[in-house]
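Right, one structure below, let's go through it.
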Amino acid sequence: MSSWTLKSIPPHDWFLCLDVGSYFDHEHEPEKVFEEGFIRPIPVGDTDVIVTVFFNGDPEDPEFHIETAESLSKDEIALANKSLAKILGTDMDIRPLYDQAKDDAVLGAKLSELYGLKRMTRANLFEDILYRIVQMQMNHKPTAKKMMFKIREAYGTALMLGKRSLPAWPRPHQLMKADPANIRKLGPTLRKGQYLVGLANDIVAGNVDMDHLMECEPQEFYELITNVKGIGPTSGQDLMMMRGRTDAVFPSNKKGDEEKGLRRWIIYSYGEDPHNTSEERFQELIHDWKGYEAAALEFLYVNYVLKEKEEKAKK
C-alpha cells in the first residue's frame, strides 16, 4: 500500500465538483465521495492502478490525500501525480482571474459564489476524447457513461477493487485492433466505433500527438483537434477546456446565420444576440477573461448546472 499528499494551488474547493455530474464516470456516486473518497483507475507508466482520493476541505490550503493498494515507487508516484493533477486541476493557478474579472458584469458574482472552483477532467486527453465521441448527440448522459464503461470493460485492463472488478480506461494500443462492429454491440453507433478505433490507430502511428495537443497554444489545438475524425467545432472547443490549462479560444462557428458552440452560449450570458455579434464586440465582452478563458467559462457552466438543479428541485 502507498499513500501520499498532493498539494493544489489555492484557492481550490474540490467539493464544489461533487454537484457536477459530468465530471464523474459511470461507477461514481458523488454523494458518497465525501466519506468514501473518489475512486478511479489511473495510468501509471505502462500499468494502471486504482487510487482513492480524499480532499482536506480547505480552499486556502488545499491538499489531496491519495491511497493505493499497490506499493508504488517514488517515480511511479510522480507519474500518478501527473494523471491526478490533470483530473483534479491542482496545477491550475487562476488567482489572477479573481482580480482581473472581479467587476465583470457576468463573471464577477460567480467568482465569489463558486470561490475555489477548478474543472475536473479525465486522466489524459485520450480519455477525454474517447468519452466526448461516445456521448456526442446523446441527451441522456448516464447512458453514455454506461456505454463508455462497457468499452473500458471490453478493452481496458481489468483491475480489482476489493472483490469487484473496475476496468481501466483503454490505451491506444489496446483499442487500435478493436472491431467497430463489436463496439457497436456495446451501445455506440458504428460510426462512433470507427472514430474511436481510428483515433487509437492514428496515435500509435504518430499521426496524432497527444503530448503536443496538451502543450500547444489554444488556436493551434483547435485547428489540430478538429482535424481528428469525429471531432467537430463544438467538440473541439469543449476538449480545449479539458487540458488542465487556463487559456482557450472560442472561434466563431456559424451555420447559416446562426452562431453555434461555446461562443453562442457566452454571448447569451452577457444578454446580447450571438447571431449578430462582431468579433470585436465578442472580444470586448470577454476582455476580463484574457489568459483565463477556459477557467472563466467553467464558472458559467457550473453556475448553469446548479441553477438547473434548483429548478428541478422546485418541480
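The values are calculated or read from the model by the stated rules, or taken from the named source; none is laboratory data. These numbers were taken from a predicted model, which means no experiment stands behind them. Positions of Cβ are backbone-derived with ideal geometry, glycine not excepted, and every protein chain shown enters the neighbour counts.
Can you tell me how many residues in the range 148-186 are in a helix (DSSP H, G or I) and closer than 17 Å to Phe126 by Cβ?
11
Suppose we filter the range 254-275 for residues that are crowded, with 21+ Cβ neighbours inside 10 Å and within 30 Å of Asn124 (Cβ to Cβ); how many remain?
Adding up the residues that qualify gives 4.
Being of a type in the set (Ser, Thr, Tyr) and at pLDDT below 95 narrows it down to one of Ser22, Ser8, Ser3, so name that one.
Every option except Ser22 fails the conditions.
Of the residues that make up the range 241-253, is at least one within 24 Å of Ile151 (Cβ to Cβ) and either of a type in the set (A, V, I, L, M) or surrounded by fewer than 16 Cβ atoms within 10 Å (Cβ to Cβ) (or both)?
Within the range 241-253 (the criterion being within 24 Å of Ile151 (Cβ to Cβ) and either of a type in the set (A, V, I, L, M) or surrounded by fewer than 16 Cβ atoms within 10 Å (Cβ to Cβ) (or both)), the answer is yes, since at least one residue qualifies.
Please go through the range 281-301 and give me each residue that is under 21 Å from the mean Cα position of the chain (by Cα) and surrounded by 21 or more Cβ atoms within 10 Å (Cβ to Cβ), ordered by number.
Within the range 281-301, Trp289, Tyr292, Glu293, Ala294, Ala295, Ala296, Leu297, Glu298, Phe299 qualify.
Would you mind listing the strands (runs of 3 or more DSSP E) fully within the range 1-88 where at least 1 residues are farther than 25 Å from Gln174 by Cβ, of a type in the set (D, E, K, R) and in the same structural domain as Ile129 (by TED's automatic domain parsing)?
none
Find all pairs meeting these conditions: Cβ atoms under 6 angstrom apart; at least six residues apart or on different chains; first residue within the range 80-91 and touching a residue at least 12 places away in the same chain (Cβ under 8 Å) and of a type outside the set (Val, Ile, Thr); second residue surrounded by fewer than 21 Cβ atoms within 10 Å (Cβ to Cβ) and in a helix (DSSP H, G or I).
Qualifying pairs under 6 Å: Asp91/Ala85.
If I ask for residues that are among the aliphatic types (A, V, I, L, M) and under 17 Å from the mean Cα position of the chain (by Cα), which ones from the range 205-263 would you list?
Selection gives Met210, Leu213, Met214, Ile225, Ile231, Leu239, Met240, Met241, Met242, Ala248, Val249, Leu262.
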